[in-house]
Number of protein chains: 4
Amino acid sequence: MPQNTDRYRLLIACSDRPGIIAAVSDILGREGANITAFDQYSEGLSEDGMFFMRAEFDAALGATGPERLSSQIQNIAEPYDMQWKLALARRPQRLCVFVSREDHCLNELLWQTQRGDIAASVALIISNHSDLKALADRFDIPFYHFPVTAQTKADSEARAIRAIREHDAQTIVLARYMQVLSEHFVSTFPERIINIHHSFLPAFVGPKPYHQAYARGVKLIGATAHYVTADLDAGPIIEQDVHRVDHRHQLDDLKRLGRQVERMVLARAVDWHVSDRVLVSGNRTVVFPF
Amino acid sequence: MPQNTDRYRLLIACSDRPGIIAAVSDILGREGANITAFDQYSEGLSEDGMFFMRAEFDAALGATGPERLSSQIQNIAEPYDMQWKLALARRPQRLCVFVSREDHCLNELLWQTQRGDIAASVALIISNHSDLKALADRFDIPFYHFPVTAQTKADSEARAIRAIREHDAQTIVLARYMQVLSEHFVSTFPERIINIHHSFLPAFVGPKPYHQAYARGVKLIGATAHYVTADLDAGPIIEQDVHRVDHRHQLDDLKRLGRQVERMVLARAVDWHVSDRVLVSGNRTVVFPF
Amino acid sequence: MPQNTDRYRLLIACSDRPGIIAAVSDILGREGANITAFDQYSEGLSEDGMFFMRAEFDAALGATGPERLSSQIQNIAEPYDMQWKLALARRPQRLCVFVSREDHCLNELLWQTQRGDIAASVALIISNHSDLKALADRFDIPFYHFPVTAQTKADSEARAIRAIREHDAQTIVLARYMQVLSEHFVSTFPERIINIHHSFLPAFVGPKPYHQAYARGVKLIGATAHYVTADLDAGPIIEQDVHRVDHRHQLDDLKRLGRQVERMVLARAVDWHVSDRVLVSGNRTVVFPF
Amino acid sequence: MPQNTDRYRLLIACSDRPGIIAAVSDILGREGANITAFDQYSEGLSEDGMFFMRAEFDAALGATGPERLSSQIQNIAEPYDMQWKLALARRPQRLCVFVSREDHCLNELLWQTQRGDIAASVALIISNHSDLKALADRFDIPFYHFPVTAQTKADSEARAIRAIREHDAQTIVLARYMQVLSEHFVSTFPERIINIHHSFLPAFVGPKPYHQAYARGVKLIGATAHYVTADLDAGPIIEQDVHRVDHRHQLDDLKRLGRQVERMVLARAVDWHVSDRVLVSGNRTVVFPF
């Protein structure tokens, strides 16, 4: 491999039309790119059919290369009406993690990012409680305690937005954060806020899903990681998983088992998001998981 | 093992109080019963705590033995306010299967009962359509075509009840039967009607669950087998399972994959029911699965 | 979509080198093909890295088109040292199913092919026993009883090969066929014979895997569908799955539960194979599953 | 509930004979015990059939009660040739965790024990490397670095045994400890050493199971928690689980995904062991999982 080679990721979403792959391949070929992973999904050429693509490639673009490549992509983006993104793979994303009192999801994220199992770093932690400050300290992560009441909510969100920007965090993870964010906050970070809901959505939307699951007598409990939109618990789903339970499991047991599912589902969703593997299409996601 | 030994199953549900197991063990011990399987579940001695028990045992009770044993159980049943049932294990249950046009669930039941993988026999098939008569004929099972319209519904249900009784069927299985049964019909067979719902309840209650699942963009589809009560899709859940899907699965693919989950979930639920492994407690089930 | 449009599948395997996707896209683009599914997997440009591709596309090629397209692909196949295959998707494969006495795998294949859940047809059934003739008759499938002894084995295999050819079957499925095929037979149908082994290979190779699993006290039983090679139970794995068991499951229970896993794993493997979703690479498979 | 009530667990294993449950129920009933959980498994009265039982009960036994209860159990233990154990449930077990360089299994145990999700505490950590001392320090757990070479092995094991005894640890967990323990060490703690093997045993015994799995092209990777016996990788299996992989997963990916399976499987096995839910029967386990 030549020196100064970097790994890039190119994501594209547009209406499906013939020739897209050829046009993109042509550009990458001219730049001497070596495609290491290529995922594509087409809904077909019918009226509303969309096309989604993710390419990971190695290229020695030099100082001016990324800009040159971007301008070539922009040239084809216009006729095809593409949404696209070019990312440098070796630049790991920085996360802002929101928590309340439960530590299991935060713990899993701290651990997997520290180990390199998730290619991102936790840049800051924001909480409406101070309980998890000790955990943040143990990992040397800045911790912001912004209490939330009806009176302070707008102000706390404004301070959170400032902190997120100061720390240059690109992705926000709600790791069992028990507050509803305002529409303003949500629209500030579109498709960049990931929540873990402790049920198999759309079953048991709203609060206390394990209480609801217990009352309904389900035989599987689940968790759902999704992008946050203005519509509570209704954003595009990234990942879901379940765990088998039976009549012996009381409410506390559902919560205990649920914690394992929640942290695994959230960790996978964050992993895929920071690897640029998730594209949003209306209220659905296209995921090119590993 | 002595000659004339039979295998029995004893099911008990009552408020939990000390001494129940000892009292039952004592009775079975006096009859020389050899307990081959014993499952028990207690919710504890707190105010509402229930106790559930399933014992499978071999005993050479002789001609008058079952009655003698029943009367001894009845003696302890009164002080403990027990609901109980004594069943002869070698007497396989007879099923009445309701279908509409989809054949996959019926097929699975015909096959597993014929093979002996489910210890029951299909005694009759009832349908509001005639499509599956050929399949019934292939297995030599009586097939009743009772069309259902607003006008004929009451009459069709009355004929169904007569057919069920003539064929001495104890359990009714709705194997993708696309009609809602009347409250009268449901209350005629309490805790004896099993339905397969083609979603992970309580997500996507009501009609067209795969359409709903597709629209919501879920990452797992599921199926739920439950007892039918007057409240549609809300009866006690016996079994649930899921299958992973992704953005590539269109509506027809969800249906195709769903068929495999539905028939497996329904077959397990019927298997457990006819083996006297399911007890109902309010709107929940206690299942002692194998 | 223009009239006379057909759906095709193009499969390619070769050493990974830059420009392959662009070259193929270019050819398909010139023929006006609309790519409906595109899967690609690259092992990277390092010394041994391979490249695998599956494209499904609609094109109105006309009478001479397939040949013209093939010749263009052949032009790039030579410099890239490609192995490739162009298939017409609407031509469903014809299967030859080998069985002994167990019917569950055959039953699943008959059922799913008849329903259209697997896009293939069972063209003939060959058995070393006559037990399953009645089942074959029920589905109107030609059944050949070729008993196998040390003396008759070579002759029976020769007759089987003739029958396979007469019925124009492309794929051979060993659906719990309890005979080892000769090296001659296996090499006659390279990468076209699929076997279901009733264990999670490579655990419990050889005969009586459920006995071995029971003796070892495993907590999961499994099944493996693989291509048959001269080396028994060691061919490339297409699909595997497992089912949870516990101490209560006796040998017969493992077999009973195992039957459900076996038939599902085999059905998936056959489905993927006849949809041209499986490529073999050494002793591994690249599967582009749906 | 009366004051001074404690929760106890009684485990029994013996040849199956009629009357065991009645005899035990009788003793517990006389002591006024309230059985909160009762699991029993019988292999039947045939020649080798075993009987296993676990009862969890609340009783106010007073100072001399446990001894009195034990002596009553001993009275029936002799005629029935029982192995039995009476444990006080509120006395959490103390663990000695052996590690080498991988931290994921240790991390999971530290975390779940600290949170109370596993009812035990990590009393000490022993390692042949010093890498994980910092992690031990963070949780304030004594860490012993006992390097192992051919020369020092016997001495290191002797020091380990002393440390285990000083810290009063009942259960030893090999959390990816990459050394084989001597027969002497193993026999010092019979049925009290739990190992996590990073494959679905008995597939890929021995070293480097992920290399083996990758080479074989399996579609599922797994992990196995088992009791350690003198026979390497062959002890009684407590728990197993798997994770789906495909052709895209390189060796490092198998290891990364495997880490999640390993730590979950090990955590479940340790949880069940310290809750007295696992009984060993020959080379198999009877697990009464929650």
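The values are calculated or read from the model by the stated rules, or taken from the named source; none is laboratory data. The structure displayed is predicted, hence computed values, not measured ones. Quick reminder, even Gly has a Cβ in these numbers, built from the backbone with ideal geometry, and neighbours come from all protein chains shown. Side chains are part of the model used for accessible areas, which takes the heavy atoms of the whole protein and leaves out ligands, DNA and RNA. Shrake-Rupley method; radii C 1.70, N 1.55, O 1.52, S 1.80 Å.
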Chains A and C, summed buried accessible surface - 1.4 Å probe, Å², nearest 100: 1100 Å²
For B:K153, give me every one of the aspartates and glutamates with a C-alpha distance below 14 angstrom, ignoring sequence neighbours fewer than eight places off in its own chain. B:E183
Between C:A225, C:A267, C:A213, where does the largest GNM mean-square fluctuation fall for chain C, given springs only between Cα atoms within less than 10 Å? C:A213
Between B:D48 and D:L251, what FRET efficiency comes out of the Förster formula 1/(1 + (r/R0)^6) with R0 = 45 Å and r the beta carbon distance, rounded to 0.05? 0.25
Any residue on another chain or 5+ positions along whose placed amide H is under 5 Å from the amide H of A:Y144 is listed here as A:I125, A:I126, A:S127
Solvent-accessible area of A:D241 with every protein chain in place, 1.4 Å probe, in Å² to the nearest 10: 40 Å²
What are the semi-axes of the equivalent ellipsoid for segment C:52-176, taken as the square roots of 5 times the Cα gyration tensor eigenvalues, largest first, in whole Å? 35, 19, 12
Roughly how tilted is helix B:153-166, in degrees to the nearest 10 and between 0 and 90, from the longest Cα axis of chain B? 40 degrees
Number of partner chain Cβ atoms within 10 Å, mean per residue of A:17-29: 6
Taking only protein heavy atoms and a 1.4 Å probe, the highest-to-lowest accessible-area order of C:H243, A:H226 is C:H243, A:H226
Rounded accessible area per residue of chain A, 1.4 Å, Å²: 40 Å²
Please give the solvent-accessible surface of B:E43 in Å², to the nearest 10, using a probe radius of 1.4 Å with every protein chain present. 70 Å²
Each label sits 7 Å from Cα toward the beta-carbon; between B:T5 and D:Q151 the label points are separated, in nm, by 6.5 nm
If you take every residue apart from C:L95 with its C-beta less than 13 Å away from the C-beta of C:L95, what net charge results, scoring Lys and Arg +1 and Asp and Glu -1? -1
In peptide A:257-264, how many Cβ atoms from other protein chains are near each Cβ within 10 Å, on average? 2
Using only the alpha-carbon atoms, how far is helix C:104-115 inclined from the longest principal axis of chain C? Give it as 0 to 90 degrees, nearest 10. 40 degrees
Using a 1.4 angstrom probe and counting only protein chains, how large is the accessible area of A:I21 in Å², to 10? 10 Å²
Return the FRET efficiency for the residue pair D:N75, B:R17: r is the Cβ-Cβ distance, R0 is 45 Å, and the value is rounded to the nearest 0.05. 0.95
Other copies of B:P207: label-to-label distances in nm, shortest first, labels 7 Å along the beta-carbon direction: 3.6, 5.7, 6.6
For D:A154, place a label point 7 Å from Cα along the Cα-to-Cβ direction in every copy; what are the distances to the other copies, in nm, shortest first? 6.2, 7.9, 9.4
Dipole magnitude of the protein assembly as shown about its Cα centre, charges +1 at Lys/Arg Cβ and -1 at Asp/Glu Cβ only, in debye to the nearest 20? 0 debye
Cβ nearest the rotation axis (D onto B), residue from chain D and distance to the nearest whole Å: D:S25, 3
Other chains' Cβ within 10 Å of C:30-40 residues: what's the mean? 5
Segment B:93-138 versus segment B:1-73: alpha-carbon centroid distance in Å: 33 Å
Sticking to Cα atoms, compute the Rg of segment A:106-206 to one decimal and its Dmax as the biggest Cα-Cα distance, whole number, in Å. 14.0, 40
Quick one: grab Rg to one decimal and Dmax as a whole number for segment C:6-88, Cα atoms only, in Å. 12.5, 41
Is it possible to state the helix-based mean residue ellipticity at 222 nm for chain B, with each DSSP H run of 4+ residues giving -39500 (n - 2.57), the sum divided by total residues, to the nearest 500 deg cm²/dmol? What is it? -10500 deg cm²/dmol
Taking the Cα centre of each part, how many Å lie between segment D:169-187 and segment C:252-290? 39 Å
Expressed as a whole percentage, what fraction of the accessible surface of segment C:93-287 belongs to carbon and sulfur atoms when a 1.4 Å probe is rolled over the protein heavy atoms? 52 percent
Ordered shortest first, which distances in nm separate the 7 Å Cα→C-beta label point of D:N4 from those of the other copies? 5.3, 8.4, 9.8
The base-10 log of I(q)/I(0) that the Debye equation returns for the protein assembly as shown at q = 0.06 Å⁻¹, one scatterer per C-alpha, is -0.54
I need the Kirkwood Rh of chain C: take the reciprocal of the average 1/r across all distinct C-alpha pairs and report it in angstrom. 20.6 Å
Modelled FRET efficiency - R0 41 Å, B:A134 with C:K208, Cβ distances, 0.05 increments: 0.55
Neighbour net charge for C:D131 - beta-carbon separation under 10 angstrom, K R +1, D E -1: 0
